[in-house]
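Engineer: First the structure, which I've put down as structure tokens, then a few questions once you've had a look.
The values are calculated or read from the model by the stated rules, or taken from the named source; none is laboratory data. Just so it is clear, the structure is predicted and the values come from calculations on it, not from any experiment. Every residue, glycine as well, gets a Cβ built from its backbone with ideal geometry; the counts of neighbours run over all protein chains shown. We work out accessible area using only protein heavy atoms, side chains counted, and drop any ligands, DNA or RNA first. Shrake-Rupley method; radii C 1.70, N 1.55, O 1.52, S 1.80 Å.
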Amino acid sequence: MRIFVTGASGYIGSYLVKTLLDKGHELLCLKRKTSDLFRVEKVKAKIKWVDNDEDWKTIVRDFKPEAIFNLAWNGVSSKDRIIWDIQVRNIPMQQELLDIAYECGTKKFIGIGSQSEYGDFEEKIDENFPANPKTAYAAAKLASLTLLKTFCDLYEIEWYWFRLFPVYGPYEMTNWLIPSLIKSICTEDHMDLTLGEQRLPYLYVGECSNAVASAIDVEGKCGIYNVCSDNPVPLKVLVTRIRNKVNPSFNFNFGALPYRFGQSMYMEGDTSKLKKNLYKLNTSDFDQRLDETIEYYKNLYK
């Protein structure tokens, strides 16, 4: 298929384009002139690129994509997730892509949501759990979903919305938990933490990209899909394992920091719908993938 992808140079997007190329698809990807393509260095020559300061809409229309993956989103850092102006500016971009999809007769439109759309929860939840966003980021994601669904249903475009839970792997932004943790272990002598009782369903990013890419391979399975591991790990267990792999003598001060207001202590999405309709997640190689991730970041901070 001819597939147009935004956010291809980002963390999850870089894994997605590798998956799509492995499946034999032809890719056109949008980027900024300033985009760092280090995540896709090995495959970037196989991709057609268009810069966002070109007449990119005309180029995309001429490409006539049969599917569009929209992974571009400004304001994913924690400090930006509460800034309304940054978050709502993502919505017009999605609408431009939807208009192109309609004009080109695009068959499928795939968007990326977040578990944060659900708000607070303390049990394993499926896609019918009521959305209750608590941040500007989550609210903008939910608004984007509503617009996407309504538009695609009206114009008979298949739509898929993947609500991602925590992921891990090489190439993540270095200020996120696992990379920043490994950096601290490599460069400092201690780290203050909460008690670490949170249970988080970390999924390997490559498996996440496989799940998102699977929307290409089915027909008539539109909807919202949770994407996460089915084996939540206590944060204390996770960080201790990482410490023991990097520097066993490093000191964690568990309990030195309070939990943030509204801290979610248990997070897990039911992925039965995903496994039934699209893709059977494999989480059996968690230990191997975590070790690979640790080695990647250790080499960065040597």
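Engineer: How many residues does the stretch 196-241 contain that are within 22 Å of R39 (Cα to Cα) and small (G, A, S)?
Structural biologist: Qualifying residue count, the stretch 196-241: 5.
Engineer: Which residue is nearest to W159 (Cα to Cα), if the candidates are limited to the stretch 187-218 and must be of a type in the set (A, V, I, L, M), touching a Lys or Arg at 6+ places or on another chain (Cβ under 8 Å) and open to solvent by less than 20 Å² (accessible area, probe 1.4 Å)?
Structural biologist: A215
Engineer: Ok, one more. Of the conditions (1) open to solvent by less than 80 Å² (accessible area, probe 1.4 Å); (2) closer than 16 Å to N70 by Cβ, R32 clears all except one; give me its number.
Structural biologist: Among (1) open to solvent by less than 80 Å² (accessible area, probe 1.4 Å); (2) closer than 16 Å to N70 by Cβ, the lone unmet condition for R32 is (1).
Here is a yes/no grid of residues against (1) without any contact (Cβ under 8 Å) to a residue 12 or more places away in the chain; (2) on the phi < 0 side of the Ramachandran plot; (3) crowded, with 19+ Cβ neighbours inside 10 Å:
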{"residue": "N74", "(1), (2), (3)": "no, yes, no"}
{"residue": "S78", "(1), (2), (3)": "yes, yes, no"}
{"residue": "I91", "(1), (2), (3)": "no, yes, no"}
{"residue": "T106", "(1), (2), (3)": "no, yes, yes"}
{"residue": "I112", "(1), (2), (3)": "no, yes, yes"}
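Engineer: So which of Y266, Y259 is in contact with a Lys or Arg (Cβ under 8 Å, 6 or more places away or on another chain) and modelled with pLDDT under 95?
Structural biologist: Step by step, each of Y266, Y259 is checked, and only Y266 is in contact with a Lys or Arg (Cβ under 8 Å, 6 or more places away or on another chain) and modelled with pLDDT under 95.
Engineer: Taking the conditions exactly as written (in contact with a strand residue (DSSP E or B) (Cβ under 6 Å, 6 or more places away or on another chain), within 19 Å of A213 (Cα to Cα) and free of Cβ contacts under 8 Å to residues at least 60 places away in the same chain), does F69 satisfy them or not?
Structural biologist: no
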